[in-house]
Amino acid sequence: MIVGTEWLVEALDANEDALRAIETLREIFARVIADLDLKTLDQGFWHQFEGEKGVTGLVALTESHLACHTYPEYKTATFNLYCCRTRPTWDWEANLKELLGAKTVRITKIERGNVESKIQNLKSKIAGGEA
């Protein structure tokens, strides 16, 4: 029995300014939520840190949650989407390349609650070839 699906996503070698832009990250969240027909419980929580100006964002969903953490100093963003209802796979790669300028996007999909489930590392593409 599968009780949920979790996506762990890394956007690597991304544009540092985009990783500091809360509005860009809100746009990513808005696309995920709209495209997957998710339901938010609130407006979410956003925090920008001092120093490198990385951002943490979290939105509670009726289906569970969507979170992100950015690390401009490492040109990296991480995302976590957990859904307790089956959803199609969102095109993380295309969207994060477009909105964050990421050169590489790595996606790990985990089916939660299924003891026979294997972690699936979805297509990970590196500029110039497959990983």
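The values are calculated or read from the model by the stated rules, or taken from the named source; none is laboratory data. Note that the coordinates shown come from a computational prediction; the quantities given were computed from them, not determined experimentally. Here the Cβ is made from the backbone with ideal geometry for all residues, glycine too, and neighbour counts use every protein chain on show.
Structure notes:
- Condition met for Arg20 (basic (Lys, Arg) and under 14 Å from the mean Cα position of the chain (by Cα)): no
- When restricted to residues that are out of contact with any helix residue (DSSP H, G or I) (no Cβ under 8 Å at 6 or more places or on another chain) and over 16 Å from Asp37 (Cβ atoms), the range 74-100 contains 8.
- From the options Ala60, Ala18, Ala14, residue that is among the small types (Gly, Ala, Ser), touching a residue at least 12 places away in the same chain (Cβ under 8 Å), under 18 Å from Lys103 (Cβ atoms) and not in a loop (DSSP other than H, G, I, E, B): Ala18
- So Leu96, is it surrounded by 20 or more Cβ atoms within 10 Å (Cβ to Cβ), in a helix (DSSP H, G or I) and either free of Cβ contacts under 8 Å to residues at least 12 places away in the same chain or out of contact with any Gly (no Cβ under 8 Å at 6 or more places or on another chain) (or both): yes
- Residue list for the range 69-85, restricted to those being within 10 Å of Glu6 (Cα to Cα) and hydroxyl-bearing (Ser, Thr, Tyr): Tyr82
- Single condition Gln43 does not satisfy, out of (1) modelled with pLDDT under 95; (2) closer than 27 Å to Gly113 by Cβ: (2)
- Just one residue in the set Thr89, Thr104, Thr78, Thr62 is surrounded by fewer than 18 Cβ atoms within 10 Å (Cβ to Cβ), under 18 Å from Asn15 (Cβ atoms) and among the hydroxyl-bearing types (Ser, Thr, Tyr); that residue is Thr78.
- Residue in the range 79-86 that is at pLDDT 95 or above and over 15 Å from the mean Cα position of the chain (by Cα) present: no
- Number of the condition not met by Leu122 [criteria: (1) loosely packed, with under 14 Cβ neighbours inside 10 Å; (2) of a type in the set (A, V, I, L, M, F, W, C); (3) modelled with pLDDT under 80]: (1)
- Conditions (1) charged (D, E, K, R); (2) part of a strand (DSSP E or B); (3) over 20 Å from Gly113 (Cβ atoms); (4) at pLDDT below 95; number of the one not met by Glu6: (3)
- Of the residues making up the range 107-118, those that are surrounded by 14 or more Cβ atoms within 10 Å (Cβ to Cβ), of a type outside the set (Ser, Thr, Tyr) and more than 10 Å from the chain's Cα centre (by Cα) number 4.
- Identity of the residue in the range 19-59, touching a Pro at 6+ places or on another chain (Cβ under 9 Å) and crowded, with 16+ Cβ neighbours inside 10 Å, that ends up farthest from Asn80 (Cα to Cα): Lys53
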